[in-house]
1. Return Trp240, Trp128, Trp274 ranked ascending by Cβ neighbour count within 10 Å, so the fewest neighbours appear first.
2. Calculated from DSSP H runs of 4 or more alone, at -39500 (n - 2.57) each and per residue, what is the 222 nm mean residue ellipticity of the chain, nearest 500?
3. Considering every Cα-Cα pair within the chain, what fraction, in whole percent, is farther apart than 26 Å?
4. Can you pull out the trypsin sites (Lys or Arg not before Pro) in the range 56-85 that DSSP calls coil and that have at most 12 other Cβ atoms within 10 Å?
5. Can you classify the range 1-113 as rounded, prolate or oblate using the Cα gyration tensor, where a ≥ b ≥ c are the square roots of its eigenvalues, rounded means a/c under 1.5, and otherwise it's prolate if a/b beats b/c and oblate if not?
6. Report ³J(HN,Hα) in whole Hz for each residue of the range 221-226, in order, from the Karplus equation J = 6.51 cos²θ - 1.76 cosθ + 1.60 where θ = phi - 60°; Gly and Pro get x.
7. Which residue fluctuates most in the GNM of the chain (Cα springs below 10 Å): Arg11, Arg47, Arg210?
8. Work out from phi, with θ = phi - 60° and the Karplus expression 6.51 cos²θ - 1.76 cosθ + 1.60, the ³J(HN,Hα) of each residue of the range 88-100, listed in order in whole Hz, and give x for Gly and Pro.
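Rule-based calculations on the coordinates, nothing more; no lab input. A quick note: this is a predicted structure, and the numbers were derived from the prediction, not measured. Quick reminder, even Gly has a Cβ in these numbers, built from the backbone with ideal geometry, and neighbours come from all protein chains shown.
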Amino acid sequence: MRIIDSHAHLRRGAVGFDKIVESGAFDEIWLMDLSGISLSGVDFASREEVLEVAKRHKGRVRAFGFVDLDGIPEQVDKLRDMGFCGLKPYKPLRHYGSEKYFPIYERAQILKMPVMFHTGLVAKGPAWESGARHSFGSANMRPDSLASVAEAFPELRVMQGHMGWPYMEETAQNLYYYKNITCDVSGFRRCISNLPEFMDRKCNDGVPGRFFIDKIRFATDQFYGAEADNAAALKLLEFWKLYFEFIASVYYKCGQAAETENFFYCNARSIADWSDSKY
Ligand SMILES: [Zn+2]
């Protein structure tokens, strides 16, 4: 089975990452640059390190560059020129759907750079200090705030990181209604018992015959580069494979062969294909 880990990160001075890539466990790993971020206890790779790894493993590793939504739109062109194929904002000062950010989304749509938006419950960073240039908590990163982005930029691939817990109904509306919003399951196990019913729900997004499973991607959200995280990524892969083999495929539509392939590979592949196509 082909597999894309469509949302992950890299630590500074990563150990064992090359081995994971070369093992072939994943066909591709998509690294989200978080060099602009501090999280307690994690030292993220610089953007140069992320790009270097993506170049070294061309075709196996894709790099999404950290974009400051409160900064200038020209960042987008610069990140594309550097070699990033997508964008990763985080903890913006306004909510994602603010029209102030539209010039950045406009450049992303023109340059065909998918945007991976964290949604829902978020890791704690350092406490507030005067002059802090980011927001706190998940209020600015609710799934609902992506609806305006998807409507205003109908070709932009709006990637919702995670299922948006605890705002699952907002995620459901996004998947139901907007053809260009997709999400990934990383970090999502809190209500896994409801997940197959969720994946089986029907869309009404203008693309005939689509179900939520056609818009939900496999991802680990691991911080690759420490032995424990590398191992956890492989365990998560095994977990989701077994979940599909013994639960989803037995009891639900989302577990049929084509749907399973969509989850592990095709849903991510179609975003990559859009990004790779000419503009
Ligand atoms: Zn992440």
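1. Trp128, Trp274, Trp240
2. About -9000 deg cm²/dmol.
3. The proportion of pairs with Cα distances above 26 Å equals 38 percent.
4. Lys58
5. In terms of gyration-tensor shape, prolate.
6. 6, 7, 9, 4, x, 10
7. Arg210
8. 9, x, 6, 6, x, 5, 10, 6, 3, x, 4, 5, 4
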